[in-house]
Amino acid sequence: MKFWPALLAALACAAPAQAAELPFDDGWRFARIDGSAPDRPPADAKWVTVSLPHTARIEPRVVDDQWQGIAFYSKRFDAPAHSRGDTVLLRFEGAMNVATIWLNGTQVGEHLGGYLPFTIDLTRHLKAGSNELLVRLDNRDNPITGPKPLKDLDFNMYGGLYRSARLIVKPAVHLTDEMLEGKTAGGGLFVTYPEITKDRAVVRVAADVRNALPQWVLVAVTQRLLDGEREVASDTRTERVEAGATRRFVSDLNVVNAKLWSPKSPNLYRLVTTVSRPELSTETAETHIGIRRIGIEGDRFVINGEKMFLRGVNRHQEYPYVGYALSPLADYRDAKRIKEAGFDYVRLSHYPHSPAFMAAADQLGLVLLDSIPGWQFYNPDPRFQAQVLQTCRDMIRRDRNHPSVIAWECSLNESRMPKEFVQRLNAAVHEEYPGDQAWSAGWQNDGYDIYLQARQHRLQHYEAPDRPYIVSEYGDWEYYAQNAGLNQAAWANLKEEERTSRQSLGAGERRLLQQAMNIEEAHNDNLRTPAFADGYWDMFDYNRGYAPDLELSGVMSLERLPKLSYWFFRSQRDASEKSPLFESGAMVKIASYWTPQSSTKVRVFSNAEEVELILNGRSLGRRKPVHDSMSDRLAHPPFEFDVGRIEPGLLQANAYIGGAPVATDRVETPGQPVAVSVALDAAGIPAASDDLIFARAYIVDNQGRTISTFNGTAHFEASGDFAIVGDRDVPVEAGIGSALVRVARPNPHGTVGATSGSTLSRDLVLEERP
């Protein structure tokens, strides 16, 4: 149980801990302005009290008209206690999309772009006693920030102060803020690994320290590297720092027999940095780091000398109803679900994701491609170029210490860019991250270190890349457009909408099997290319600006429920890979609902050597996986059984490795719906304060079996520490309805109930105190 407090602390402090931080997420007043664009709040503005993270509007489940306009946030606070020479900073982790900030009526800051943090120095603007902060946000289409007008955009940008804010008091001698400093490859802490061998590793820590005093001072910077509570290396550097100047302190920490970070072993160390001057400790910061060395050799990614293919997926960070305003643990649960699905790599499409998700990737062993905002849009205005370049630099400064990040997509996705501009973006990557451990990535096969190409583009106009290669997207568009796929002709008996990978959770067994088959074929095809990684499109269903419906190619639904294709990917992780942090190891899954309408050709996904299928106690044989043109490159091809006819009852699959049973799965023909069974789904992570989880309403028969063929609606109610966010009436797909629930505190007490139709009873859930 000690893991959960540590996890929460890590997610809350994805940036280094500061000298003194004041709680700043609560007590905000919010007003949304509809139909006009005032510079200041109008007299008749309707204010409500909110806390951060906050979205400008709770949207419907299917966003058909996302709100755009002007929103104001106001907060009154007392000036923090600080000494003369101290620095008071205000840092916003995310504000969509153009922010203007006033303190006590004086403008103190402005920021363009909604996906990265910005910091404001409030020191000389604060007055004794009460102060009033006003934030104006404009999330309307913007040709300078991009990425494209919402009506033409394939995702939603939402709005509001959708990530946390922090008020930070720093002493006169302090670590600088990497976003405020604005120095190339500078600001705060920058950790690199110039040498890693079998016996030792060198951890180089660069710390930028500012002296805000009017005289020079002798400053000592101590770096301590800890494995848990055990110190493994330390170093102290003492230098003179002139008045008003910033100086860089560089320490090399020698670590003997270092525990290296990798997707299979995501070992993290704690780096504790202390800044002090004679007889006075001024600041201590803690940063989680992972020691690793990466490279690319041909068609394989290399980490710490081990070659591997990175099986991956793209992710949009939205949740239903709240858009981007996720709780930190909701981001962690997304990362856990991705890892459990069999993926080791995530492309952060098409913008930087939250600090909490980045920290979760470090902890779980997900390799990330960090991306700037961009989607089929380029503006020749020099201000646009300047904004894109600054966004690239800011993204690297924020995320450079995360071991999970292997490359920087400082490229406008699917946007033809001038060669000179590509060269400037590539140069910015290597200026912000000097050395041989920085890789730029872009979708044009010139100017970047890594070439990103979607499979739908490859199938139309493939050229052998002359540089490392990632299949950036696959499995969706080529089937949606009906212009790709080795078996398209064989699927001539299918309607167009039946061939596509865009299938809802409630689309039925046949269509969900087709989605899985598309993915199997496409992933297998990717393994014929020189790519060292690929990323399926997409992990979760999501909303898009240009169409009033969901993009349904996810292997999980918008509410994070698995489709059959999820189990295909999960079967691709070797059974030998096990972790206490996520479900892993040997697995088997019957890809059938086993109803009278089911296919008599039963597919089974497993990472085992053999699978036996048993129907009502009678063995239907033991099989090895199918190796054909669709599966010959796969780590673990599916298994197939032709059962001849549907016999209602219990279908069981037993998986074997080395002749020994290692996993089992069962599916049983359901009866008629008689009840609703409700459960809370926190993905195995206990809820924290102001957390977001899902409540599930399962439509069950008289034996408690979920009826996977049931599609309808469910109505939810909640009380106590639980509150429904967004719709109370939700669709039931494949026998499950999901409501988004906000949890007020840890160990919550209250009820969540659901009904579905007049004949189905309500089941109340009580999550009790331990």
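Observations on the model:
- Computed with a 1.4 Å probe on the full set of protein chains, the accessible area for His54 sits at about 30 Å².
- Distance from region 168-187 to region 104-163 (C-alpha centre basis), Å: 20
- Cα gyration tensor, region 478-616 - rounded (a/c under 1.5), prolate or oblate: rounded
- Computed with a 1.4 Å probe over protein heavy atoms only, the accessible area of Val700 comes to about 10 Å².
- Shape category assigned to region 568-626 from the gyration tensor of Cα positions, a/c cut at 1.5: prolate
- Where trypsin sites (Lys or Arg not before Pro) fall in DSSP loop in region 630-732, at most 13 other Cβ within 10 Å: Arg645, Arg728
- Under a model in which nothing but the beta-carbon of Lys, Arg (+1) and Asp, Glu (-1) is charged, region 58-145 shows a dipole of about 400 debye around its Cα centre.
- Mean projected area of the Cα convex hull of region 357-438, taken over all directions, amounts to 5.5 nm².
- Put the Cα centre of region 585-642 next to the Cα centre of region 280-313 and the gap is 36 Å.
- Each listed q (0.09, 0.11, 0.12, 0.14 Å⁻¹) maps to a log10 I(q)/I(0) for region 638-770 from the Debye sum over equal C-alpha point scatterers, namely -0.36, -0.51, -0.59, -0.73.
- Trypsin sites (Lys or Arg not before Pro) lying in DSSP loop within region 494-556, provided at most 11 other Cβ fall within 10 Å: Lys495, Arg528
- Reachable aspartates and glutamates from Lys127, criterion Cα separation under 13 angstrom, eight or more residues apart if same chain: Asp78
- Per residue, the convex hull spanned by the Cα atoms of the chain measures out at 172 cubic angstrom.
- Counting only protein chain heavy atoms and rolling a 1.4 Å probe, the accessible areas of Val626, Val422 rank, largest first, as Val626, Val422.
- Working from Cα pairs under 8 Å separated by at least six residues, relative contact order for the chain is 10 percent.
- What a 1.4 Å probe finds exposed on the chain is 48% carbon and sulfur by accessible area, rounded to a whole percent.
- Taking GluC sites (Glu not before Pro) in DSSP loop states with no more than 13 other Cβ atoms inside 10 Å as exposed sites, the chain has its longest site-free stretch at 464-767.
- Ser565, Ser130, ranked by accessible area, largest first (probe 1.4 Å): Ser130, Ser565
- When both region 21-44 and region 361-375 are represented by their alpha-carbon centers, they are found 32 Å apart.
- Entry comment: accessible area of the chain is 38 Å² per residue, from protein heavy atoms only and a probe of 1.4 Å.
The values are calculated or read from the model by the stated rules, or taken from the named source; none is laboratory data. Computed from a predicted model, the values in this text were never measured in an experiment. Ideal geometry is used to build each Cβ from the backbone, glycine not excepted, and the neighbour counts take in all protein chains shown. Ligands, DNA and RNA are stripped out before the accessible areas are found, and what is left, the full protein with its side chains, is counted by its heavy atoms. Shrake-Rupley method; radii C 1.70, N 1.55, O 1.52, S 1.80 Å.
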